[in-house]
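Asks: First the structure, which I've put down as structure tokens, then a few questions once you've had a look.
The values are calculated or read from the model by the stated rules, or taken from the named source; none is laboratory data. From a predicted model like this one, the values you see are computed outputs, not experimental measurements. FYI the Cβ positions are ideal-geometry reconstructions off the backbone, even for glycines, and counts take in every protein chain you see. Accessible surface areas use protein heavy atoms only, side chains included; no ligands, DNA or RNA. Shrake-Rupley method; radii C 1.70, N 1.55, O 1.52, S 1.80 Å.
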Amino acid sequence: MNKPVKQHLIDPEICIRCYTCEMTCPIGAIEHDDNNVVVNADVCNFCMDCIPVCPTGSIDEWRVVDTPYTLEEQYGFEELPEQQDIEAAPVAGEEGEVDDSIAALLAEAHQGAGGKARAPVSASKPQINMYNLGKPAKMTVQGNYRLTDDPDHDVRHIILDPGALPFPVLEGQSIGIIPPGKDAEGKAHLPRLYSVSSPRDGERAGYHNISLTVKREQKGMASNYLCDLEKGASVNVTGPFGATFLMPNATDARLLLICTGTGSAPMRAFTMQRQRADATGGMTMFFGARTPESLPYFGPLKKVPKKYLRQHLVFSRIDEAKKEYVQDRIVAHEDEVAEMLGDERTHIYICGLRGMEEGVEKAMTSIAESMGLQWVNLRDSMREDGRYHVETY
Ligand code: NAP
């Protein structure tokens, strides 16, 4: 009999085929065909690098098997196989006792691998993966409003109503939108992920409706579909997704929010929830956009009282002004940021363009140095505590 082993698998019903895991895997253990993304059991060494980068959590699946599923078998999966009953080898000389190592493997497989990213200690427990491609939630469009005055930068605020369907979301979670129609091979389009920009009890408190912040991309099939939606239209939705980019419920927690463009979506949700909860810890936001005319929520943001949110709105394309990015403003306000970094109640959230990560890292490195600290150590310990969160695309 083969010795049971733990095998890493990907849930085909949840995966949105973004291939981030494949790009991240340092040893080429992940590959895909037109149907599925799969893990080569002969190569995977459980380094876990792919776990935190997966936007849906579909990567965090494990089975204990006597013989690992082959790549061909995984390419054929329409859903994940159930965990098989594994014949646990009796411990030598002690009939009936289960081999501890196999019991541990089974328990570990059941729990998933976790990964490095963690949710804040006081965060509410998120619901995930309630609806998928085969069983989407049908939602009705309640509104579709343009947020930006810049004619070349169409960003929309779209409100969806799940009606009587249960669809609980927390600030920081995402949902999947399935564009209608079929792809070139006659299959349903895969869902595209969007961050929720409304708080947990609804765009309007108690209504449990959900808003999205969507920028029209010239050739984007899903973004054009969403931006053109009319009130009353029906939309197929998957999710909710995301179990770590969550807000602490502790009202004295302090939030440092760093975002660009539509990466402001979760920050809007955080801001509304903190206002509704009358949180005392305060938030400081560095928000980068091309111009005030292209910054989503520019008007409403100005009305948020300072006791909840201190704002640094940073612009890169104002005529005759020097180009400025969020990381430049962070360095310019070094003392304010250092004071927050030195407080154990501070949680950092970074969302938006992937390119900003490098600049923000450099800014934080120099601020930490001025405090006599190493940013890498501080960041990693904050991440371990569930106080450091990055979601960039
Ligand atoms: P955008 O308008 O293209 O850019 C916003 C601002 O970021 C501009 O001022 C831009 O300056 C600046 N920027 C460009 N490169 C930068 C860098 N290396 N460091 C710092 N700032 C930089 O943004 P957008 O089109 O709304 O795109 C937002 C991004 O966020 C998209 O990639 C989207 O997929 C992502 N997003 C992520 C999430 C999520 O993670 N949950 C949610 C929503 C959106 P320039 O004048 O130089 O262009």
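Asks: Please work out the FRET efficiency for the pair residue 125 and residue 332, using the Cβ-Cβ distance as r and a Förster radius of 35 Å; give the result to the nearest 0.05.
Replies: Once the sixth-power term is evaluated, E becomes 0.35.
Asks: State in Å² the accessible area per residue of the range 108-227; use a 1.4 Å probe, count heavy atoms of protein chains only, and round to the nearest integer. Please list the in-between numbers first.
Replies: On the way: 5860 Å² over 120 residues.
For the range 108-227, the solvent-accessible area averages 49 Å² per residue.
Asks: Place +1 on the Cβ of every Lys and Arg and -1 on the Cβ of every Asp and Glu in the chain, take the dipole about the Cα centre, and give the residue among 176, 301, 4 whose Cα lies farthest towards its positive end.
Replies: 301
Asks: I would also like to ask the following. So, by mean Cβ neighbours within 10 angstrom, what's the order for 263-271, 226-234 with the highest one leading?
Replies: Result, highest mean first: 263-271, 226-234.
Asks: Next question. What number comes out for the charge environment of residue 226, summing +1 per Lys or Arg and -1 per Asp or Glu over other residues with Cβ under 9 Å away?
Replies: Cβ neighbours under 9 Å give a net charge of +2.
Asks: Too long at a 27 Å Cα-Cα cut-off: which of 219/362; 135/231; 6/187; 182/231?
Replies: Listed pairs above 27 Å: 219/362; 6/187.
Asks: Apply the Karplus parameterisation 6.51 cos²θ - 1.76 cosθ + 1.60, with θ equal to phi minus 60°, to every residue of the range 189-204 and state each ³J(HN,Hα) to the nearest whole Hz, in sequence, with x for glycine and proline.
Replies: Along the range 189-204, the couplings run 5, 6, x, 9, 8, 9, 6, 6, 10, 10, x, 4, 9, x, 4, 10 Hz.
Asks: Out of 141, 164, 232, whose Cα points farthest toward the positive end of the dipole of the range 137-241 (charges: +1 Lys, Arg; -1 Asp, Glu; placed on Cβ)?
Replies: The residue sitting farthest along the positive end of the dipole is 164.
Asks: Here's something else I'd like to know. In Å², and per residue, what accessible area does the range 1-75 have when probed at 1.4 Å with the other protein chains present? List each step's numbers first, then the result.
Replies: On the way: 3410 Å² over 75 residues.
With all protein chains present, the range 1-75 gives 45 Å² per residue.
Asks: Could you give the alpha-carbon Rg of the range 137-241 over 2.2 N^0.38 Å, rounded to two decimals?
Replies: 1.04
Asks: Looking at the square roots a ≥ b ≥ c of the eigenvalues of the Cα gyration tensor of the range 251-393, which shape do they give, rounded for a/c under 1.5, prolate if a/b is larger than b/c, or oblate?
Replies: In terms of gyration-tensor shape, oblate.
Asks: With the chain treated as a Gaussian network of Cα nodes joined by springs under 10 Å, which of 176, 352, 186 yields the largest mean-square fluctuation?
Replies: Sorting by GNM fluctuation, first place goes to 186.
Asks: Viscosity 0.890 mPa s, temperature 25 °C: give me the Stokes-Einstein translational D for the chain in µm²/s, with Rh taken as the Kirkwood radius over C-alpha pairs. Don't skip to the end; give the middle numbers.
Replies: On the way: Rh = 22.7 Å.
Stokes-Einstein gives a translational diffusion coefficient of 108 µm²/s.
Asks: Now, a different point. Averaged per residue, what accessible surface does the range 239-393 expose to a 1.4 Å probe, in Å²?
Replies: 45 Å²
Asks: For n ≥ 4 DSSP H runs only, could you compute -39500 (n - 2.57) per run for the chain, divide by its residues and tell me the 222 nm figure to the nearest 500?
Replies: Calculated from helices alone, the mean residue ellipticity at 222 nm is -6000 deg cm²/dmol.
Asks: If every alpha-carbon in the range 197-259 counts as one equal scatterer, what log10 I(q)/I(0) does Debye give at q = 0.15 1/Å?
Replies: -0.71
Asks: Would you grab the residues whose amide H sits under 5 Å from the one on residue 62? Only those 5+ places off in sequence or on another chain, please, with H modelled 1.01 Å from N.
Replies: It is 9, by chain and number.
Asks: Tell me which residues come under 5 Å, amide H to amide H, from residue 124 once H is placed; ignore anything under 5 positions away on its chain.
Replies: 249
Asks: For the range 67-77, just list the computed ³J(HN,Hα) in residue order, Karplus coefficients 6.51, -1.76 and 1.60, θ = phi - 60°, integers in Hz, with x standing in for Gly and Pro.
Replies: 10, x, 5, 6, 4, 4, 4, 5, 4, x, 4
Asks: What are the ³J(HN,Hα) values, in whole Hz, obtained from phi via the Karplus relation 6.51 cos²θ - 1.76 cosθ + 1.60 with θ = phi - 60°, for each residue of the range 24-35 in sequence order, with x given for Gly and Pro?
Replies: These are the phi-based 3J(HN,Hα) values: 7, 4, x, 10, x, 7, 10, 9, 8, 10, 6, 9 Hz.
Asks: For the range 216-289 and the range 326-357, what is the separation of their Cα centres, given in Å?
Replies: 18 Å
Asks: For the peptides 160-171, 365-376, what is the packing order when you average, over each peptide's residues, the other Cβ atoms within 10 Å and list the highest mean first?
Replies: Highest-to-lowest ranking by the protection proxy: 160-171, 365-376.
Asks: Carbon-plus-sulfur fraction of the accessible area of the chain, 1.4 Å probe, in percent?
Replies: On the way: 9470 of 19250 Å².
Roughly 49 percent of what the probe reaches on the chain is carbon or sulfur.
Asks: Using amide H atoms built 1.01 Å from N in the peptide plane, name the residues 5+ places from residue 156, or on other chains, whose amide H lies under 5 Å from its own.
Replies: HN-HN under 5 Å from residue 156: 147, 214, 215, 216.
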